[in-house]
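The numbers here are math on the coordinates, done by the rules we state, and not lab data. Small disclaimer: the values here were computed from a predicted structure and weren't measured. Reconstructed Cβ throughout: ideal geometry from the backbone, glycine too, with neighbour counts over all protein chains shown.
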Amino acid sequence: MTQPSSRRKTKSARQWRRVDLHLHTPASNDYQEPHVTYLDILRQAERRGLDIIALTDHNTVMGCAALKREFEQLLFLEQINRLELEEKRRLDEFRYLLGKILVLPGFEFTATFGFHIIGIFPPETPISYLEHLLLTLHVPVDKLAEGSTTVGATADVLTAYRVIDEAGGIAIAAHANSGNGVAMRGFPFGGQTKIAYTQDPHLHLLEVTDLEKRGRLTTANFFNGSKPEYPRAMRCIQGSDAHRLTRDPNNIKYLGVGDRATEVLLEEVSFAALATVLKGNDLSLTRPFRGKATPVDFVQAAREEGPSIVQAFHPQMTQRGGYLTAILRDVCAMANSNGGTIYIGVSANAKEKPVGVKDHEKVIRKLQEEIAKHISPEPPVLIDSLPSQGERIVRIIVPVDQDLPYALDSNQFFIRDEAETQVAVRDEIVRLVERRLRREGGGVDEGQMIAAAPPRPLPILPPTPEPATIEIAPPRTGVEVVESQKRSGTVYHTLRDLRNGSLIKNVTQSSARKLWHYAIQQAEAGGPKLDSIRWQGGRALLNRRSKDGNTWYDLALRDPDGTVHIYYGVTDSGLDDGWLKLIEPGE
């Protein structure tokens, strides 16, 4: 949608800009106030202080076309000197509002099974091209002007992401955690489908309705990269999904323009700058808009989530006390795992005031030098600083990279094990090499791979009144002891790491780290008594342990043939809905 050439003045420094990227117009057939004009929508956007809006009607771009047509008709009348007084007033107002607000064309597409996907495009994108994209996504020609949420059999979710991305647009999963959202819990689709729909590389971000909420069950916390099956940290924003001008006083769930907005830290107000941020990996560049309330403290929000496989905290980085070494180990471990973020100048205790980093620019240069000197190959980290409670905090963003494995001082290999950094054992190092070979497409020869020890499951149970009838996916965190052998008086175990399914052989009590040591202790003590397990279908909760706000579970799974598997040290981040109902029946 072409804006006036005399658009807003931009400043060189980055500023927080307010955006609402999910607005409907009377072109959507479920719009609640059909008398509203496009000038009304722009006026309300200005009242709410919005810098950027996107018009995203259901399976149509007729709203974008109507606004563009009205503005261009007024320009034409001015050009031929035929403007009436009222028309001149409207044209002046259009110029003023379009000079303050960047209006982006887009649509909210209904994919197969009813999932809603938003596509947003540069303002100069022709309407005919957007209609072509909708036709490519199998919206029928006779439905292009209806603005209906239902348009028959259309393209699937993954195709929609790809088409929008390849057309230069921003692909957003609309209200992902609620109705018609791709991450809606309880939706009757398999876990692999949910993973694909929320981790696809052509999907740029998730729009969620609970961005203001805190706690481990929020959508943003679930997609922070700490879940083994969801390793890509997803940016989450919020939008109003407004189907009316202002909030409905009789039903507060029906929002108006700008009632649920997001702030984006931008170099300038442009589609290019917006796309750079929304398609990038720095999740701190967006935050929910809170009006006059205290702005979001991104560091404090991370501390409240706590340490995880993708987050670590260090109060300082001095060599004395081993802080710098611990930071370098975390960088190496995250580079070998799912990537992550390291905060320096704060402890993990969210109740403690941040210590901060003096001369943070000097510290950033020092970290860059130390990482380049000690970690090989040098990981492509991003190091910057963020404010928190009046202090400056240094942040290291470690991306998921291809150049595995990473080593500290040439011969020390580390990985993240839940919220801790651990020395990698031989089998884990080999797995890192295999991952790199697979990513490079070269494959792995059978002779290069560690022979996977055949699992030695627990004995088959006698028939029960309620045998399991379906396959149940195991947890995605914790470990399973699959084989134990006694050699020369020492018991050697083969463990399965549930995060990636890999087998680690020849682990003993003396060589095992924390979780492994616990699992081996339980296994060598005989494990649970099978006849005392209280099954719920094919699942069972054996034990629950809590410490420092963290909880671990020991679980059992029974295959349809009666084979039993015991899983130790499982966290809720690795559980699907069925397992979560078992451990938290009240939720």
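Using only alpha carbon pairs under 8 Å that are at least six residues apart, calculate the relative contact order of the range 303-426 and give it in whole percent.
Numbers: 255 pairs, mean separation 39.3, N = 124.
Once divided by the residue count of the range 303-426, the mean separation gives 32 percent.
Given a cut-off of 32 Å, name the pairs among K351/K373; K353/K547; K353/K514; K373/K514 whose C-alpha atoms lie farther apart than that in the structure shown. Present the calculation step by step, with values, prior to reporting the outcome.
Working: K351/K373 35 Å; K353/K547 22 Å; K353/K514 30 Å; K373/K514 30 Å.
With Cα atoms farther than 32 Å apart: K351/K373.
If you average the C-alpha positions of the range 285-341 and of the range 84-139 separately, how far apart do those two centres end up, in angstrom?
Taking the Cα centre of the range 84-139 as reference, the centre of the range 285-341 is 38 Å away.
Once phi is turned into θ = phi - 60°, what whole-Hz ³J(HN,Hα) does the Karplus curve with 6.51, -1.76 and 1.60 give for every residue of the range 383-390, x standing for Gly and Pro?
10, 8, 9, 9, x, 7, 6, x
Short version: ³J(HN,Hα) in whole Hz for each residue of the range 218-225, in order, from phi by Karplus 6.51 cos²θ - 1.76 cosθ + 1.60 (θ = phi - 60°), x for Gly and Pro, what are they?
6, 5, 4, 5, 5, 9, 8, x
If packing is taken as the average count of other Cβ atoms within 10 Å, what order do 134-141, 212-219, 258-265 fall into, highest mean first? Could the numbers behind the result be given before it?
Details: 134-141: 16.8, 212-219: 14.8, 258-265: 22.1.
Those peptides, ordered most packed to least, come out 258-265, 134-141, 212-219.
Name the lysines eligible as straight-distance cross-link partners of K358: C-alpha to C-alpha under 16 Å, and not fewer than 8 places from it in the same chain.
Reachable lysines: K366.
With the dipole of the range 96-196 worked out from charges on the C-beta (+1 for Lys and Arg, -1 for Asp and Glu) around the Cα centre, which of T154, I195, G106 lies farthest toward the positive end?
Of the listed residues, the answer is I195.
Quote the charge dipole size of the range 49-193 about the Cα centre in Debye, to the nearest 20; the model charges only the Cβ of Lys and Arg (+1) and of Asp and Glu (-1). Before the final figure, lay out each step's value.
Values: 11 positive and 18 negative charges, 47 e Å.
Dipole size: approximately 220 debye.
Per-residue counts of other Cβ atoms within 10 Å, averaged by peptide: what ranking do you get for 101-107, 73-79, 28-34, 403-409, highest first? The partial results should precede the final answer.
Details: 101-107: 25.7, 73-79: 13.6, 28-34: 15.6, 403-409: 18.4.
Most protected by this proxy first, the peptides run 101-107, 403-409, 28-34, 73-79.
Under 16 Å between alpha carbons, and skipping anything fewer than 8 positions from K68 in its own chain: which aspartates and glutamates qualify?
Qualifying aspartates and glutamates at Cα under 16 Å: D40, D57, E78, E87, D92, E93, E124, E131.
Post the alpha-carbon centroid distance, the range 212-238 to the range 487-525, in whole angstrom.
Distance between centres, Cα-based: 31 Å.
Using a 7 Å offset from the Cα along the Cα-to-Cβ direction at both K351 and T551, what is the distance between the two label points in nm, to one decimal?
1.9 nm
Report, by chain and number, residues whose modeled amide H sits under 5 Å from the one on G340, excluding near sequence neighbours (fewer than 5 apart, same chain).
Amide H to amide H, under 5 Å and 5 or more residues apart or across chains, G340 pairs with V398.
Give me the angle, in degrees from 0 to 90, between the Cα long axis of helix 127-136 and the longest principal axis of the Cα atoms of the chain, rounded to the nearest 10.
40 degrees
For the Cα atoms of the chain, what angle does the longest principal axis make with the long axis of helix 85-100, in degrees from 0 to 90, nearest 10?
Compared with the principal axis, the helix lies near 20 degrees.
Between G179, S337, S546, whose Cα lies farthest towards the positive end of the dipole of the chain when Lys and Arg beta carbons carry +1 and Asp and Glu beta carbons carry -1, centred on the Cα centre?
The one lying farthest along the dipole's positive direction is S546.
At a Förster radius of 22 Å, what calculated FRET efficiency corresponds to the Cβ-Cβ distance of L437 and S376, to the nearest 0.05? Spell out each step's value before the answer.
Working: r = 19 Å, r/R0 = 0.84.
Efficiency computed from Cβ-Cβ geometry: 0.75.
Amide H to amide H under 5 Å from T154: which residues, 5+ apart in sequence or cross-chain, H placed 1.01 Å off N in plane?
T112
What 222 nm value per residue comes from the helices of the chain, counting each DSSP H run with n ≥ 4 as -39,500 (n - 2.57) and dividing by all residues, nearest 500 deg cm²/dmol? Intermediate values should be presented prior to the final figure.
Working: 14 runs with 154 residues, N = 587.
Per the formula, -8000 deg cm²/dmol.
Calculate the dipole size of the range 294-413 relative to its Cα centre from +1 charges on Lys and Arg beta carbons and -1 charges on Asp and Glu beta carbons; express the result in debye to the nearest 20. Before the final figure, lay out each step's value.
Values: 12 positive and 15 negative charges, 81 e Å.
The dipole of the range 294-413 has a size of about 380 debye.
Indicate, rounded to the nearest 5 percent, the antiparallel portion of the DSSP beta bridges found entirely in the chain. Each step should come with its number before you reach the end.
Numbers: 65 of 84 bridges.
Just about 75 percent of them are antiparallel.
If you average the sequence gap of Cα pairs under 8 Å that are 6 or more apart and divide by the length of the range 15-296, what percent do you get for the contact order?
Values: 556 pairs, mean separation 61.8, N = 282.
Once normalised by length, the contact order is 22 percent.
When the dipole is taken about the Cα centre of the chain, and only Lys, Arg (+1) and Asp, Glu (-1) are charged at their Cβ, what size is it in debye, to the nearest 20? Each step should come with its number before you reach the end.
Values: 72 positive and 75 negative charges, 347 e Å.
The dipole magnitude comes to about 1660 debye.
What angle do you read, to the nearest 10 degrees and between 0 and 90, between the alpha-carbon axis of helix 514-524 and the longest principal axis of the chain?
Approximately 50 degrees, to the nearest 10.
For D576, D561, what's the fewest-to-most ordering of other Cβ within 10 Å of each Cβ? The partial results should precede the final answer.
Values: D576 17, D561 10.
Ordered by Cβ neighbours within 10 Å, fewest first: D561, D576.
Can you give the relative contact order of the chain as a percent, counting alpha carbon pairs under 8 Å and 6+ residues apart? If you can, show how the numbers build up before the last one.
Working: 1160 pairs, mean separation 58.6, N = 587.
Here the relative contact order equals 10 percent.
Would you please put 192-204, 52-64, 85-97 in order of how densely packed they are, using the mean number of other Cβ atoms within 10 angstrom per residue and starting with the highest? Could the numbers behind the result be given before it?
On the way: 192-204: 17.5, 52-64: 26.8, 85-97: 13.9.
Listed from highest to lowest mean packing, they are 52-64, 192-204, 85-97.
Between S385 and residues 5 or more places away or on another chain, which pairs have amide H atoms under 5 Å apart, with H built 1.01 Å from N, and which residues are they?
Residues meeting the amide H criterion: R395.
Projecting each Cα onto the charge dipole of the chain (Lys/Arg +1, Asp/Glu -1 at the beta carbon, about the Cα centre), which of V310, V357, P475 comes out farthest on the positive side?
V357
Quick check: the distance between the Cα centres of the range 538-568 and the range 384-439, to the nearest angstrom?
The two parts, judged by their Cα centres, are 28 Å apart.
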